[in-house]
Amino acid sequence: MRRIIDGVAYDTDTATFIAQGDHDHPMSQASWSLYQTRHGAFFEVVAGHDGVVEEWNPLSDEQARRWLEANANYLIEKYFGAMPEAGDPSMRETRPAVIVGQQSPATPQRPASPGELLTLKPGIWGMSIDLKEAGRRLRQRLQQRQGKG
């Protein structure tokens, strides 16, 4: 089956079938299937209770990952790589300092290495503090006081 959505083709014959979820009731033929195109885009095909295809939904990578979490959890790392373990410090949310007149990014950033943990800028109520800069200023003030005293 092939559908064109917003000028883009989605074809179940050429895409890779990933997994299927279904309505767990003997009288229902409802199902939802996840596919990935040859170019890596994900889409979902939804069939109603009578088994007739009712929807085709292009999915972002995030939506596809969530789809797999709900319907085929064992396949997530096959398509999205290794997932961090709960409590992994690299998963802590970081936000850069907000400059007046600019908005902060909507998505959290993960530090690339443990050394970057020193530059975390935690946000509270939309305000951020650069811990590395605050530490530098504190050391500078302490050195000035020691020089005067």
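A short reminder: the numbers here are calculations on the coordinates, not readings from a lab. None of these values were measured; they are calculated from a predicted model. Backbone-built Cβ (ideal geometry, glycine too); neighbour counts: all protein chains shown.
Charge tally around Q63: other residues with Cβ under 12 Å, Lys/Arg +1 each, Asp/Glu -1 each, net -2.
Assign one of three labels to region 2-80, namely rounded, prolate or oblate, based on the Cα gyration tensor with a ≥ b ≥ c the square roots of its eigenvalues; rounded applies when a/c is under 1.5, prolate when it is not and a/b is larger than b/c, and oblate otherwise. Note, shape of region 2-80 comes out oblate. Sorting 138-146, 53-61 by their mean Cβ neighbour count within 10 Å, with the most densely packed peptide first, gives 53-61, 138-146.
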